[in-house]
Amino acid sequence: MPSSHRDDDAELARGLTIWPDEDQPDQPGAGGGDGEETGAEPGQPPTPDRPHRLRRGLLIGSVALLALLLVTAGGAFWWLNSFAGKVHRIHDVFSSIPEQQRPGRPAAGQPGHGGLTFLLAGTDRRSDVPTTGQGVQANQFVPGAQRTDTIMLVHLTDDRTKAYVVSIPRDSWVTIPGHGRNKINAAYSFGGPALYVQTIEELTGIRVDHLAVIDWSGFKTLTDAVGGVTLTVPETVYDSGQDHTWTAGTHHLDGNEALLYVRQRHGLPGGDFDRVKRQQYFLRVLMGKALSQNTFTNPLRLGRLLDAVTKTVSVDDTLSNGDLRGLALSLRGMRTNDVTFLTVPTTGTGFEGEASVVYIDMDRAAALWRAVKSDDLGPFLESSVKAGEQLGDTTR
């Protein structure tokens, strides 16, 4: 990740200045026909230093262009930094977790050592005012008031050319530190962001670098900020839980409709499993729309996206402005084809008491977590195909 203003400016300016080739001989006729300067009087010899003046002019012009680009790069740096400074921070997410209880990283020189892992949380707190983002008007966490409706682990590879997004069903039956066995989405309700991170780290053995949280209100705002999304529903389904019918075909969704779409589970053949697939599909479409519009190279589009993110998303306080700026620069070449969406392998559903739960296939999950940490999902995906596992997103 870029660590200085100089690195950012150099990256933005690289490859845009054209220098004259001092070793290239002058070409006859370049000045207008016979090698003589077109402005010379008849009988007068050509001005001997014209090629040198031309070179000097090009050199001066190139220097001026470079200076302009550096000023522009500096402006871009300031611009990105100003947005980063508006992001709402969640305090003490990691400082309250004992270091000896946290997973380590791959050793220096080992695959995945420079990888970066984010934990995403979509919270279900029912609040009339925002609980995440720059416009937060209520406490980020109230014990017992919210759970994580969406759980995704996002791993960026060492070279930042690929991203792995692994969804964990919210009803997964796991161990929550200090609280015994329970549904995984209860961790946030029991202990807030810190316990949520600690639960995921103990389950996966992957060290979480940063946390990002968005609530329902923020989800709707972010969707509307990009102009909504267009997606396909393969077959007509009725959502009895939200009293909404989705007809087969193409739909353009605004924020309210998008929230209905990603929250549906009643009426879907796979219940919560299909709900996870819908969330992955929606995220892929949202990413595709942003990236296909050249967001990272269009200041207006990037500005709208960054403004929406700062208004809706909260991140941990260890994610500095420089980290955010460097992340934006390092990911601007990524496309949706570079992102792999998966759901953690499971053995099915069952009941714990009266609670309907999902059981994680711990052996297959362990293989997945090892693959993520080493920046190489290839062998795991090949074995999944052979086993007939359906772990990716689909259009439902």
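The values are calculated or read from the model by the stated rules, or taken from the named source; none is laboratory data. Fair warning: this is a prediction, and the values are worked out from it, not measured in the lab. Reconstructed Cβ throughout: ideal geometry from the backbone, glycine too, with neighbour counts over all protein chains shown.
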Fill in the blank from the handout: Per the list (1) more than 18 Å from V165 (Cβ to Cβ); (2) free of Cβ contacts under 8 Å to residues at least 60 places away in the same chain, residue check on R335 breaks on (1)
Practice task
Tell me which residues, restricted to region 208-255, are over 22 Å from S314 (Cβ atoms) and assigned to a loop (DSSP other than H, G, I, E, B).
Solution key: G227, G228, P234, E235, T236, S240, G241, Q242, D243, T247, A248, D254
Practice task
Would you confirm whether any residue within region 153-171 is without any contact (Cβ under 8 Å) to a residue 12 or more places away in the chain and not charged (D, E, K, R)?
Solution key: no
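Of all residues in region 90-113, which are part of a loop (DSSP other than H, G, I, E, B) and among the hydrophobic types (A, V, I, L, M, F, W, C)?
Within region 90-113, the first condition is being part of a loop (DSSP other than H, G, I, E, B), and the residues that meet it are 91-98, 102-113.
Correct list: V93, F94, I97, A107, A108.
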Fill in the blank from the handout: Across (1) buried (at least 17 other Cβ atoms within 10 Å of the Cβ); (2) modelled with pLDDT of 90 or more; (3) not in a helix (DSSP H, G or I), S314 clears everything bar (2)
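Would a scan of region 339-359 turn up a residue that is surrounded by fewer than 17 Cβ atoms within 10 Å (Cβ to Cβ), in a loop (DSSP other than H, G, I, E, B) and in contact with a strand residue (DSSP E or B) (Cβ under 9 Å, 6 or more places away or on another chain)? Steps first, answer last, please.
Just the residues of region 339-359 that are surrounded by fewer than 17 Cβ atoms within 10 Å (Cβ to Cβ), to begin with: 347-356, 359.
Narrowing the set further to residues that are in a loop (DSSP other than H, G, I, E, B) leaves 353-354.
Subset that is in contact with a strand residue (DSSP E or B) (Cβ under 9 Å, 6 or more places away or on another chain): none.
No, because not a single residue in region 339-359 is surrounded by fewer than 17 Cβ atoms within 10 Å (Cβ to Cβ), in a loop (DSSP other than H, G, I, E, B) and in contact with a strand residue (DSSP E or B) (Cβ under 9 Å, 6 or more places away or on another chain).
Among the candidates A371, A367, which residue alone is more than 23 Å from R284 (Cα to Cα), among the small types (G, A, S) and touching a helix residue (DSSP H, G or I) at 6+ places or on another chain (Cβ under 7 Å)?
Values: A371 fails: more than 23 Å from R284 (Cα to Cα).
Answer to the selection: A367.
Residues are listed down the side, and each one gets a yes or a no for (1) over 22 Å from I151 (Cβ atoms); (2) in contact with a strand residue (DSSP E or B) (Cβ under 6 Å, 6 or more places away or on another chain); (3) not aliphatic (A, V, I, L, M):
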site	(1), (2), (3)
D254	yes, no, yes
R263	no, no, yes
L268	no, no, no
R278	no, no, yes
R284	no, no, yes
L302	yes, no, no
D307	yes, no, yes
T312	no, yes, yes
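I want to confirm something. Restricting to region 261-275 and keeping residues that are among the hydrophobic types (A, V, I, L, M, F, W, C) and either touching an Asp or Glu at 6+ places or on another chain (Cβ under 7 Å) or over 19 Å from L222 (Cβ atoms) (or both), which single residue is surrounded by the most Cβ atoms within 10 Å (Cβ to Cβ)? Working first, answer last.
Here is the first cut: in region 261-275, the ones among the hydrophobic types (A, V, I, L, M, F, W, C) are 262, 268, 273.
This time we only want the ones that are either touching an Asp or Glu at 6+ places or on another chain (Cβ under 7 Å) or over 19 Å from L222 (Cβ atoms) (or both), so: 268, 273.
On the way: L268: 17, F273: 21.
Going through the qualifying residues, I end up with F273.
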Completion exercise
Checked pairs for region 225-243, first free of Cβ contacts under 8 Å to residues at least 60 places away in the same chain, second surrounded by 12 or more Cβ atoms within 10 Å (Cβ to Cβ) and charged (D, E, K, R), C-beta under 6 Å and 6 or more apart or across chains, list as G228/D254
Exercise for the section: Please enumerate the residues belonging to region 256-277 that are in contact with a helix residue (DSSP H, G or I) (Cβ under 8 Å, 6 or more places away or on another chain), outside any loop (DSSP other than H, G, I, E, B) and in contact (Cβ under 8 Å) with a residue 40 or more places away in the chain. Expected result: L259, V262, R263
Completion exercise
Flagged in region 156-179 as under 19 Å from R275 (Cα atoms) and among the acidic types (D, E), in numbering order, are D171
Practice task
Could you tell me whether region 223-243 includes any residue that is of a type in the set (D, E, K, R) and under 25 Å from K183 (Cβ atoms)?
Solution key: yes
Problem - Residue identified as outside any helix (DSSP H, G or I), charged (D, E, K, R) and in the same structural domain as T232 (by TED's automatic domain parsing) among R364, R332 - result: R332
